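Novice: What follows is a structure written as C-alpha cells; I'll ask about it next.
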Amino acid sequence: MKRIWKGKKALSPVVAAIILIAVTVAVSIAVAAWMGALTFTFMATEQLEIQGCAFSTGNVTLTVQNTGTADLTVSKYKISTGATPTNLPQEVPVAQGATESVTAPLSWTSGTTYDIYLITSTGKQFPYRATAP
C-alpha cells in the first residue's frame, strides 16, 4: 500500500496559495458586480429638464422631460426664490424619458423675467428662468 502513494505528489504550497488567491479574487468580483447592480436598482434619481415655456392669458406652460432614472410627479410650483410653493391645479406625472406639459397660473407682465421652480412630490426643485413676451 505504501508503494501506491509513494509515487504521487501533492500540490506545492505555492500552487495552492495561487489557487486560493484566484478563487478569492473571482468571488470578490462577482460580489462587487452584484452589489453594484443592487445599488443602481435602489438609487433611482429624479431629474427634470425644463425645455421651454409659453405664456398665455393668466398661465405659463412649461415643457418638461424626465431625464432621471425614476418616474416623478410635478405637484407644486413657485415664482421667485423666497416664495411659498403653491399646489398646481392638477399634478402632472412624468414617466422616465417622457415629455409632458405643466401649466401653472401666473398673472404675468410683458418684459418681466420670472424665476419659476417646479417641485416634485418628493420635494425636489427644478428652476427655470423665463422672460414674458
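Novice: Can you give the extra length, in nm with one decimal, that the chain gains between ALA98 and THR45 once fully stretched, where that is 0.36 nm per residue apart less the Cα-Cα distance?
Specialist: 17.6 nm
Novice: Amide H of ASN59 versus every other amide H placed in the peptide plane: which residues, excluding those fewer than 5 positions away on the same chain, fall under 5 Å?
Specialist: LEU106
Novice: If you stretched the chain out fully between THR57 and ILE21, how much longer would it get, using 0.36 nm times the residue separation minus the C-alpha to C-alpha distance?
Specialist: 5.8 nm
Novice: Please find the FRET efficiency linking SER121 to VAL31, where r is the Cβ-Cβ separation and R0 is fixed at 30 Å, and quote it to the nearest 0.05.
Specialist: It comes out at approximately 0.30.
Novice: Under a Cβ-Cβ cut-off of 12 Å, what is the net charge of the residues other than ASP71 that fall near it, where Lys and Arg count +1 and Asp and Glu count -1?
Specialist: -2
Novice: Of (i) 29.6, 104; (ii) 15.6, 45; (iii) 15.9, 48, which one was derived for Rg and Dmax of the Cα atoms in Å from the structure shown?
Specialist: (i)
Novice: Near the amide H of GLY68, under 5 Å away, which other amide H atoms are found, from residues 5 or more places off or on another chain, if H is placed in the peptide plane?
Specialist: Those qualifying (amide H under 5 Å, at least 5 residues apart or on another chain) are GLN47, GLY97.
Novice: Here is a follow-up. What is the set of long-range amide H partners of VAL94 at a cut-off below 5 Å, with H atoms built 1.01 Å from backbone N?
Specialist: The answer is LEU72, THR73, VAL74.
Novice: Could you calculate the FRET efficiency of THR113 with GLN65 from 1/(1 + (r/R0)^6), where r is the beta carbon distance between them and R0 is 22 Å, rounded to 0.05?
Specialist: 0.45
Rule-based calculations on the coordinates, nothing more; no lab input. Remember, it's a predicted structure, so these values are computed and weren't measured experimentally. Heads up, the Cβs are rebuilt from the backbone with ideal geometry, glycines too, and the neighbour counts pull from every protein chain shown.
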